[in-house]
Every structure is written in structure tokens, then in C-alpha cells.
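Chemist: Submitted below is the structure of interest, expressed as C-alpha cells.
The values are calculated or read from the model by the stated rules, or taken from the named source; none is laboratory data. Predicted, not measured: the structure shown is a model, and the values here were computed from it. Cβ placement follows ideal geometry from the backbone for every residue including glycine, while neighbour counts extend to all protein chains displayed.
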Amino acid sequence: MSFASLGLCPALQEAAALRGYDHPTEIQLRAIPAVLRGEDVLAQARTGSGKTAAFVLPLLQQLLATHRDGPRRLRGLVVVPTRELAMQVAETLHDLSHGLAVRVKTVAAYGGVSINPQMMALRGEADFVVATPGRLLDLVQHNALRLSGLQVLVLDEADRLFDLGFADELQRLLALLPSGRQNLFFSATFAPPVQALAEALLRQPVRLQVADAPETVQPAIVQRAIVVDAPRRTQLLRTLIEQGTADGSSRQVLVFAASRYATELVADKLRRAGIDAGALHGELSQGARTQALAAFKSGALRVLVATDVVARGIHVPRLPLVVNFDLPRSVTDYTHRIGRTGRAGLAGTAISFVPPEAEAHFRLIEKRQQMRLPREVVPGFEPGPVAEPPAAPAADPHGGVKGRRKSKKDKLREAAARGG
Ligand code: AMP
């Protein structure tokens with residue numbers, strides 16, 4: 001199957017080819033014709049499936065088909081949970097509309113930065129607005145954006161919108177939208193509130209489920225689990241990064257940690273070991289986040305240590321390795337994290353560090369993923385005997401980094417126990 005056979009015009013076929021899309025992914029195969037027909041769509045698809053282009057390509061085609069000279073009108077509103085995803089979707093819109101006969105104007109709007117440049121950008125209207133819910137409502141309140149003429153609403157990563165507490169904002173937003181519009185609803189998971197919103201919003205939608213299809217992200221990803229004591233994880237990470245340099249297998253690494261504190265601590269330790277590393281978390285200023293992400297995407301930054309909130313939606317071309325320094329809390333987060341690598345059919349590896357105290361938690365993740373990974377031990381990083389119930393802080397089930405450091409005495413005792 002080709003993009004041409006889906007009914008996409010030659011200009012958009014070429015735009016897709018220029019981006020390196022040779023064939024449509026499964027979600028594109030199924031969503032593009034439905035969107036072109038003007039139908040509502042309910043799609044279960046995770047990041048990495050090619051879902052963004054699955055709505056961007058047909059929305060651009062609709063715009064080309066109905067374009068009239070005269071003032072711009074808001075054709076599509078894409079509501080997303082995070083700034084990073086807003087930037088990424090806007091980038092896809094820019095890239096795929098580049099070189100089209102009509103100049104397409106896309107504005108990305110998100111909180112955490114001054115509203116003024118976004119208000120300026122919206123002067124003279126836009127064809128597409130990609131926005132997080134809170135900022136979107138602010139812009140409407142400032143009369144910077146009129147939603148009354150909206151033709152297509154896209155909710156992207158709807159489950160995450162709920163996870164991040166945007167339920168009220170979504171309700172307020174939906175009340176402002178005109179009826180008779182087309183609605184596209186994308187979500188990786190469908191918990192009851194997500195399902196209820198989909199039912200309230202969509203009219204006889206075409207239902208697509210591709211999350212677990214073999215073509216999606218999973219099979220391209222090799223998943224590994226390494227058993228290691230929590231305090232030795234940074235050292236192990238360093239070793240893996242150095243090995244990757246030596247054998248050329250993993251130039252770049254995206255590392256997930258549980259908290260702002262952990263991302264900074266790990267990045268700092270790596271930097272002190274001479275490895276080019278940066279931290280990315282929600283408490284950085286928007287400028288610092290954009291900068292870190294841009295440096296990582298361009299390859300200037302070798303290792304990015306991030307929390308889940310900001311990592312959702314990050315797309316780095318050809319990212320070979322993802323490391324779960326701290327295990328994710330939920331299976332959904334696990335899926336999203338590992339989906340950062342192995343994208344669009346390229347091979348990738350996802351390694352989870354499993355300290356003994358996090359074993360039960362990792363088993364739960366495995367069970368929900370219907371997999372069982374062999375536990376690997378890296379020579380030199382064999383886990384020590386399980387410590388006596390310590391006077392140390394309680395173990396973090398997610399393998400938090402605040403674990404007790406081993407004293408010299410502890411290490412000697414362990415070495416003796418191993419016969420070393
Ligand atoms: P998404 O699921 O939208 O985040 O897309 C995942 C990645 O797949 C992005 O890097 C896209 O640029 C890429 N992609 C989307 N569609 C295709 C395609 N048909 N062929 C190859 N890569 C694609």
C-alpha cells in the first residue's frame with residue numbers, strides 16, 4: 001500500500017517522501033481515508049505508531065481542497081497534554097506543509113512561557129493551532145483566538161490529558177466549540193473517563209485499534225532487564241555508555257529517572273565522569289527545556305536524563321537506547337518510555353535497571369506486558385546480599401536514587417561474602 005492509494009494528493013505524497021516515509025504505517029493506512037471522508041475517528045494508538053502524520057496529512061489535504069483566498073480560518077485545533085508534544089506536532093505540521101501551494105500557518109501555544117508572542121502569532125488567525133488546554137483557554141479569554149469557526153478538533157494522547165489533570169479545562173474548552181465539526185480522538189489507553197469523553201464527543205466514529213499490532217513500535221525494540229543494586233546504577237549506566245562508545249552501538253541515550261532531583265543528580269555524576277549529559281524535568285524554565293531537547297535532538301548532547309512528564313512525545317530520530325534508571329510507576333509509562341526508541345521500524349534497545357527491592361514491581365510490569373525478560377547481571381555489578389532490615393531510609397519501590405550509599409565497611413563485607 002502507498003500513500004497514493006490512500007487518496008493523498010501528489011504534493012503530500014512528496015512531502016511524506018521527503019520526511020522519509022516510504023509506506024504508510026498501519027494507523028495511517030486506516031485513519032487517512034476515514035479522515036479524508038470527514039468522519040469522526042476513535043483511534044487507540046501509541047506514540048511511535050505514526051499517529052501524528054495519520055491526522056496531519058489528511059488535515060492538510062482537506063485544507064488544500066477547500067482553500068479560498070481571503071482571511072484565514074481556524075481549520076484544525078490539536079489539543080495535547082504537554083508543551084513538548086505541542087512543539088512536536090507543530091513541527092510535523094510545518095514539515096509536511098512545506099512546499100505546498102498554500103502557505104499553511106501553524107501556531108503552537110503552551111503554558112510556562114509568556115503569552116504575548118503567542119497572541120502576536122495568532123494575529124491574522126492561523127490554519128492550525130496546537131495547544132495545551134490551559135493556555136488555550138487563556139488565549140480565548142484574551143480574545144486572541146476564536147473557536148467559533150473550528151472545523152476539526154483533534155485530541156492527541158487523550159489519556160495523558162486526564163493523567164495530567166486537564167479534565168476541567170477540557171470540559172470548558174469543549175463547551176466553546178461549534179457543533180458540526182469533525183472530531184479525531186487518539187489515546188494509547190481507555191480508562192473509564194477517557195472512554196466517557198470519547199462517547200460524549202464523537203459521532204458514529206470509525207474505530208481503529210493498532211496499539212498492539214505487530215507493525216507498531218514493540219517488535220523493533222529489544223527489551224532487557226539488568227539486576228543491579230540501587231546505589232550502583234549510575235556507575236553501571238556509565239559503563240554501558242562507555243561500552244556503547246567503544247562498540248559504536250549507542251551514540252545517544254535517553255535515561256528516565258523518577259524525580260527532578262534524580263535527573264539532576266544522575267546528569268551531574270555523568271558530567272563529572274566526562275560524559276556529555278543534561279537533565280530535563282518539569283521544573284526547568286521553558287527556555288532551558290527547549291534548549292536541552294534541541295541539543296539532544298541535534299546530537300550535540302549525548303545523554304538526556306528526563307522525568308516522564310517531559311519525555312512524553314519526545315521524538316529523537318534514530319535513538320538507539322533508552323534506560324529506565326528508575327522503573328516507571330505504571331505500565332503505560334513503561335510503554336511510552338520504551339517507545340522513544342525503535343521508532344518507525346528502526347531497531348532500538350530499552351534497558352531497565354531492576355534493583356532487588358524493585359523486582360516485584362518490575363514483575364507486575366512484565367505481567368501486564370505479557371512478557372518475561374531474563375534477568376541479566378553485568379560482571380562487576382553483581383547485586384550484593386540483601387541487606388539486613390536497615391536503619392537506612394525505606395527502600396523506594398521504584399528504585400529511587402536516594403538509597404543508602406554503601407560504606408567502605410559494607411563493601412568489604414560484601415566482597416568477603418562473595419569470597420572476593
Ligand atoms: P508518532 O507516532 O506520530 O510520534 O510518529 C513516530 C515516528 O514515526 C515519527 O518520527 C515520524 O516522523 C515517523 N513516521 C511517521 N509515519 C511514518 C512512515 N509512514 N514511515 C516512516 N516513518 C514514519
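Chemist: Quick one: in segment 8-44, of everything that is near the ligand (Cβ under 7 Å from one of its atoms) and of a type in the set (G, A, S), which residue is surrounded by the most Cβ atoms within 10 Å (Cβ to Cβ)?
Modeler: Here the answer is A16.
Chemist: Test R337 against the criterion of being within 15 Å of S49 (Cα to Cα) and of a type in the set (D, E, K, R), and give yes or no.
Modeler: Considered against the rule, which asks whether it is within 15 Å of S49 (Cα to Cα) and of a type in the set (D, E, K, R), R337 comes out as yes.
Chemist: I've got another one for you. List the helices (runs of 4 or more DSSP H) that sit entirely inside segment 283-381 and contain at least 1 residues that are among the basic types (K, R) and closer than 30 Å to R19 by Cα.
Modeler: Correct list: 286-298, 331-338.
Chemist: Further, regarding this structure: Considering V194, V130, V154, V140, which residue is in a helix (DSSP H, G or I), under 25 Å from L36 (Cα atoms) and assigned by TED's automatic domain parsing to the domain that holds R72?
Modeler: None of the other options fit; the residue is V194.
Chemist: Checking V378 against (1) aliphatic (A, V, I, L, M); (2) closer than 30 Å to G274 by Cα; (3) more than 16 Å from the ligand (Cβ to nearest atom); (4) modelled with pLDDT under 80, only one condition comes out false. Which one?
Modeler: (4) is the only condition that V378 fails.
Chemist: Could I ask something else about it? Of the residues P71, P133, only one is at pLDDT 95 or above and out of contact with any Cys (no Cβ under 6 Å at 6 or more places or on another chain); which?
Modeler: None of the others qualify; the one that does is P133.
Chemist: Can you find a residue that is touching a Lys or Arg at 6+ places or on another chain (Cβ under 7 Å) and within 30 Å of L164 (Cβ to Cβ) anywhere in segment 8-28?
Modeler: Checked segment 8-28: at least one residue is touching a Lys or Arg at 6+ places or on another chain (Cβ under 7 Å) and within 30 Å of L164 (Cβ to Cβ).
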